[in-house]
Amino acid sequence: MPDIAVEVEALSYKYPDGNLALDNVSLSASPGELIALLGPNGAGKSTLLLHLNGILKGEGSIRIFGEDIKNKKRSKIIEKIGIVFQDPDDQLFMPTVFDDVAFGPLNMGLSKQEVKMRVESALKKVGLKGYEDRCPHNLSFGEKKKAAFATILSMEPEIIILDEPASNLDPQSSRALFKIIKELKDKGKTIIIATHDIGIVPEIADKIYILDHKIIAEGTPRQIFSDADLLKKTNLEAPKITMLFEILTCFGYNCNDLPLSIDEAITHLTQSIETKGGHMHLHIHEHTHNEIKKITKKYGHHK
Amino acid sequence: MLEFPKIDKYAGIKSPIHSWDQRAKTVSILLLITSIVLAQDIRLAVFGLFCAILLVYVSNIPLSFIGRYMHSIIPFILFFFIILLFTVPGKAIHSIYFLNISIEGIYLASLISMRMFASILLMFLLLGTARFDHTLKAFEKLGVPNKFVQILMFSYRYIFVLIEEFQRISRSMDVRGFRKKTNMYSMKTLGKAVGILFVKSYERSINTYHAMTSRGYDGTIRTLSEFKMNNIDWVKSFMVAGLAVMLQGIGFVYV
Ligand SMILES: Nc1ncnc2c1ncn2[C@@H]1O[C@H](COP(=O)(O)OP(=O)(O)OP(=O)(O)O)[C@@H](O)[C@H]1O
Ligand SMILES: [Mg+2]
């Protein structure tokens, strides 16, 4: 297998109205990697994702498993790469949820039995079991998002592109969705997600790209989220848990690598308490308040 | 908000007509409609109408629901009735100003309205006793061209979306204080709103097309459908198709 699943090189795109949405963007994802695409509203995230399976065609090149998509038949591309749009109303067009989720697999020429199995399993995964006969148009927005995801899950592509998959989902559903995404990643799928959900990114992403028409930064979650200036410049924020631990340092908690997720926080707490003989000491000294102020200011939380 | 009764609103209830295989139902009912439309004798048309009413009765669809549809269709039939009444040449038995009513006119007007009414009832029966997407799948299985089925499918899927989209725009204007009046400003604003609706629909259609090609659309829509004919389906089909043949037979032999 080639060592790069998705490779975008020097991609630029101008909308017909003259709006330069992408400016010389390059990005790459190795097989099995999960890439998070962050950036402010209007940064061009959706525009970039629409290029990856050939819907939009900008200048520059896009290679999927080493092959330029310009030279490939559309039907070959879409079997490899599935895209879930930001707006589920764009994604769902059949008269029933079942038909919509079965649409892709049927076009792939799978057997009746196989299609049925895939539809059933996709709907079950996203929590829409029993919705088979509903008209997609009449679903709630969150349900539509889930159904839209199912239409791609049922195709089982190697590369999955998700544009804001969790927007408008209730907290439980959002958790469940990211759990599915994690499972897909564990199965070796390559995933690219555009999201504003900062809290979840460190838990799932191997690499982050920050896009604002250009690629502003690229790095691991740790590299990105410890760069306060960068975050501020790009309308981003560190995860809440990271902020909390930075504030804890003002109270004397010893912490060099701030945890980015709950899991990391638990590990960190456990370790530092264990090394201190089962206790943790926090205290207030004269500089504490000033230090806290500095931190809240850094994150833009000052009152 | 307005309510739009879908023709297949009562597709979920139980009746011998509902349980009838949709393909067989389609063929048999269309056969019956053709036979009624071709009936030349008014007694046969009356019998055809009677059969249609009986079938609708058997289908258990609430009368009030049928009434709502017929409400908008009856004026249409009436219109034809009146036109025919006055335009068919024949021996005048009554005249209003320069318009003559003839026996032939009455006969033909009654015959044709009866046929229309029966056909519409039967069409209603066909479309009202199964989910529309199921009916489309039956059409597809019966060899109706895929392109035509797609047109029907998308019309069905998006007509309500379009209506709701307009309602959304109108509601959004409403909450911001816009009231419809018959002045220039009001007209202009409404015109713009309709314009936006067109732009939105256009963009929606492009996005949807992208979604379709992204999932392998190549001009043909494929769906999974399961149809199974059992003995009872055959019996029902033979009964209704037999009715159709009988109508023609009687017409041929006796009239
Ligand atoms: N069809 C279009 N025609 C013209 N300009 C467009 C079109 N779609 C998007 N744009 C513009 O291109 C830029 C990038 O839009 P895009 O939707 O890719 O942003 P995004 O990063 O996905 O934003 P968000 O976080 O809000 O989803 C924006 O400035 C937007 O206004
Ligand atoms: Mg977007």
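The values are calculated or read from the model by the stated rules, or taken from the named source; none is laboratory data. Note that the structure is predicted; figures quoted are calculated from it, not measured. No Cβ is skipped: glycine too gets one built from the backbone with ideal geometry, and neighbour counts run over all protein chains shown. Ligands, DNA and RNA are excluded from the accessible area calculation, which covers all protein heavy atoms including side chains. Shrake-Rupley method; radii C 1.70, N 1.55, O 1.52, S 1.80 Å.
Scale the Cα Rg of segment A:103-194 by the rule-of-thumb value 2.2 N^0.38 Å and send over the ratio, two decimals.
Values: Rg = 12.9 Å, N = 92, 2.2 N^0.38 = 12.3 Å.
Normalised Rg, Cα atoms only: 1.05.
With springs only between Cα atoms under 10 Å apart, run a GNM on chain A and tell me which of A:Leu162, A:Leu37, A:Leu282 wobbles the most. Highest fluctuation of the listed residues: A:Leu282. Only the Cβ atoms of Lys and Arg (+1) and of Asp and Glu (-1) were treated as charged; on that basis the dipole of segment B:44-146 about its Cα centre amounts to roughly 120 debye.
Compute the Rg to Rh ratio over chain A from the alpha carbon atoms, using the Kirkwood formula for Rh, and round to two decimal places.
For chain A, the value is 1.03.
Mean partner shielding of peptide A:99-111, defined as the number of other chain Cβ atoms within 10 Å of each residue Cβ, is 4. Rounded to the nearest 100, the interface formed by chains A and B buries 2700 square angstrom of accessible surface, both chains summed, with a 1.4 Å probe.
Highest mean first, the peptides A:147-153, A:214-220 sorted by other C-beta atoms within 10 Å per residue fall in the order A:147-153, A:214-220.
Taking packing as the residue-averaged number of other Cβ atoms within 10 angstrom, the listed peptides A:265-271, B:215-221 run from highest to lowest as B:215-221, A:265-271. Over segment B:67-210, Cα pairs under 8 Å with separation of 6+ residues give a relative contact order of 12 percent.
Only alpha carbons enter this Debye calculation for chain B, each as an equal point scatterer, and the log10 of I(q)/I(0) it gives at q = 0.12 Å⁻¹ is -0.93. Out of every Cα-Cα pair in segment B:116-172, what percent are more than 12 Å apart? The share of Cα pairs beyond 12 Å in segment B:116-172 comes to 72 percent.
What number do you get for the protein assembly as shown when its Cα radius of gyration is normalised by 2.2 N^0.38 Å, N = residues?
On the way: Rg = 32.2 Å, N = 558, 2.2 N^0.38 = 24.3 Å.
It is 1.32.
Helical content alone sets the calculated 222 nm signal of chain B at -24500 deg cm²/dmol, taking -39,500 (n - 2.57) per DSSP H segment of four or more residues and averaging over every residue. In this label model, A:Ala228 and A:Lys293 are separated by 1.4 nm, measuring between points 7 Å along each Cα→Cβ vector.
Going down the table (B:Lys6/B:Lys181; A:Lys129/A:Lys179; A:Lys14/B:Lys192), which pairs top 19 Å between alpha carbons?
Working: B:Lys6/B:Lys181 31 Å; A:Lys129/A:Lys179 17 Å; A:Lys14/B:Lys192 27 Å.
Result: B:Lys6/B:Lys181; A:Lys14/B:Lys192 exceed 19 Å.
Here's the picture: charge each Lys and Arg Cβ at +1 and each Asp and Glu Cβ at -1 in the protein assembly as shown, and of B:Ser95, B:Ile13, A:Gly42 the one pushed furthest to the positive end of that dipole is B:Ser95. Whole angstrom only: what separates the Cα centroid of segment A:173-252 from the Cα centroid of segment B:102-143? After rounding, the separation between the Cα centres reads 61 Å.
Across every pair of non-identical alpha carbons in segment A:212-303, the mean reciprocal distance, once inverted, gives a Kirkwood radius of 14.5 Å.
Principal-axis analysis of the Cα atoms of chain B puts helix B:184-214 at an angle of about 90° to the longest axis. Between the residues B:Ile33, B:Ile83, B:Ile221, the greatest Cα displacement towards the positive end of the dipole of chain B, with unit charges on the Cβ of Lys, Arg, Asp and Glu, is found for B:Ile221. Take B:60-68, B:235-243 and order them by the average number of nearby Cβ atoms within 10 Å per residue, most first; the result is B:235-243, B:60-68. Taken per residue, the accessible surface of the protein assembly as shown reaches 52 Å², heavy atoms only and a 1.4 Å probe.
Can you give the helix-only mean residue ellipticity at 222 nm for chain A, where every DSSP H stretch with n ≥ 4 adds -39500 (n - 2.57) and the sum goes over all residues, rounded to the nearest 500 deg cm²/dmol?
Numbers: 13 runs with 123 residues, N = 303.
So the helix-based figure for chain A works out to -11500 deg cm²/dmol.
Computed about the Cα centre, the dipole magnitude for chain A is approximately 240 debye when only Lys and Arg (+1) and Asp and Glu (-1) carry charge, each at its Cβ.
Calculate the mean, over all residues of peptide A:81-90, of how many other protein chain Cβ atoms lie within 10 angstrom of the residue's Cβ. Spell out each step's value before the answer.
Numbers: counts 1, 2, 4, 2, 5, 0, 3, 1, 6, 9.
The shielding value for this peptide is 3.
Work out the mean other chain Cβ neighbour count within 10 Å for the residues of B:125-134 and drop it here as an integer. Please report the intermediate quantities before stating the final value.
Numbers: counts 0, 0, 0, 0, 0, 0, 4, 3, 7, 3.
Partner Cβ neighbours, averaged per residue: 2.
In order along segment A:157-168, the Karplus-derived 3J(HN,Hα) couplings, from 6.51 cos²θ - 1.76 cosθ + 1.60 at θ = phi - 60°, round to x, 5, 10, 10, 10, 10, 9, 6, x, 9, 5, 6 Hz, and Gly and Pro are given as x.
For segment A:127-256, the share of DSSP beta bridges that are antiparallel, to the nearest 5, is 50%. Taking Cα centre as origin and charging only the Cβ of basic (Lys, Arg, +1) and acidic (Asp, Glu, -1) residues, the dipole magnitude of segment B:115-216 rounds to 340 debye.
Rounded to the nearest percent, how much of the accessible area of the protein assembly as shown (1.4 Å probe, protein heavy atoms only) is carbon and sulfur? Provide the component values of the computation, followed by the final result.
Working: 17660 of 29200 Å².
Reported share for carbon and sulfur atoms: 60 percent.
Each DSSP beta bridge with both residues in the protein assembly as shown is either parallel or antiparallel, and the antiparallel ones are about 55%.
Taken along its principal axes, the alpha carbon cloud of segment A:128-255 reaches lengths of 57, 31, 28 Å, longest axis first.
As a calculated quantity, the FRET efficiency between A:Glu183 and A:Glu67 at R0 = 22 Å, using C-beta atoms, amounts to about 0.20. Taking every C-alpha pair closer than 8 Å and separated by at least 6 residues, the mean separation divided by the residue count of chain A gives a relative contact order of 20 percent.
Using the alpha-carbon atoms, what tilt in degrees (0 to 90, nearest 10) does helix B:22-38 show relative to the longest principal axis of chain B? Once rounded, the angle reads 50 degrees.
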